[in-house]
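Have a look at the structure below before the remarks.
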Amino acid sequence: MNQVFYDEIKIIIENARNKVYRTANFAMVEAYWNIGKSIVDEQGGKDRAEYGTGLIKELSKRMTEDFGRGFTVANLKNMRQFYLTFSNSYALSSELSWTHYRLLMRVENEDAREFYTKEAIRSQWSTRQLERQINTFFYERLLSSKNKAGVAAEIQTLEPASTPEDIIRDPYVLEFLGLTPNDDFYESDLEQALITHLQKFLLELGRGFSFVGRQKRITFDGRHFRIDLVFYNYILKCFVLIDLKVGDLTHQDLGQMQMYVHYYEREMMNEGDNPPIGIVLCADRSESIVKYTLPENEKNIFASKYHLYLPSEDELKKELQQEYQALENFDEVENDEDNS
């Protein structure tokens, strides 16, 4: 086959994918800008945010019932701020996603924000590239640098560029379209098998566990995190968050779980709930490690009580090691059959 001919076909597909990416993102961006405008207008102007707090809560409740996730109070406030920050809808770009704009809204300096907006469009920055440039003060560094071309080019080697396939993984777009994320995008087969086993083990333990969600997503400043398993224990009256790591356990893993615990403590607890509990599990060939994480303001009575209803470290280690070994043995049998 002629390579030039194939390259032409390849370009057609790539252009079509990029068009789908831009169309879906821009439709969402325009919708969120218009929602933000409608909220401001209904509140009676940009200076009436406190007056309209009840409005946003009621709007969030009804929109969640009709359209599912994606319309929390925090997200609706972001849409309101989006309209106030980018008050001219004609200035919105189809090259930038909702996550791009969420990042740009954090830039307080108007000149810097305008620079990042134009440069993100011109250089086709991914959201990760834009976030790195903002966090490393690219605008200020460029102004003070003599080698402006070198400073501008370094981002392409530090963070990956966006691809059309990112649209499939973007939780914001999936929520906007009413689609369910595919968990296979986020974890390996081994991790999925271990998580499935843990889910079954805890539900069969008979100590008050009720399943809430798997690969439960939480978002901070445009960045998405996924908690492997979330349960509610109706005896302890608290959420139990579980993250599994295949490989060495690091202090970053523990810090991330602490962040999850704080988030659930501040955003998800209901009246009468006890503070959430986090469990980080490390599974490898030689050793399984279990770490419990409690919020800083945990009560001593509650801290001692949870030992009665949560699986012990020994129980969790045993389950992890047994399942890990069973999966490895299964893979070895399959490989032997393939080679015979």
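A few points about this structure:
- Accessible area per residue was computed with a 1.4 Å probe on protein heavy atoms; residue 87 scores about 80 Å².
- Estimated FRET transfer efficiency when R0 is 45 angstrom, pair residue 235-residue 55 (beta carbons, to 0.05): 0.75
- Listed residues 82, 72, 97: farthest to the positive end of the dipole of the stretch 54-114 (Cβ charges): 72
- 248, 243, ranked by accessible area, largest first (probe 1.4 Å): 248, 243
- A straight chain from residue 248 to residue 136 at 0.36 nm per residue would run longer than the Cα-Cα distance by 37.4 nm.
- Viscosity 0.890 mPa s, temperature 25 °C, Stokes-Einstein D of the stretch 65-131 from Kirkwood C-alpha radius, µm²/s: 192 µm²/s
- Zero-based 5 Å bins, Cα pair distances in the stretch 12-130, whole percents: 2, 11, 19, 21, 19, 13, 9, 4, 1, 0, 0
- Taking amide H as placed 1.01 Å from N in the peptide plane, residue 293 has its amide H under 5 Å from the amide H of 278, 279, 280, each at least 5 places away in sequence or on another chain.
- Exceeding the 21 Å Cα-Cα cut-off - candidates 37/77; 216/237; 57/237; 37/118; 37/57; 61/237: 57/237; 37/118; 61/237
- Distribution of pairwise C-alpha distances over the stretch 197-297, 5 Å bins, in %: 3, 12, 23, 25, 20, 11, 4, 1, 0
The values are calculated or read from the model by the stated rules, or taken from the named source; none is laboratory data. Source: prediction; values computed, not measured. Here the Cβ is made from the backbone with ideal geometry for all residues, glycine too, and neighbour counts use every protein chain on show. SASA here: full protein model, heavy atoms, side chains in, ligands and nucleic acids out. Shrake-Rupley method; radii C 1.70, N 1.55, O 1.52, S 1.80 Å.
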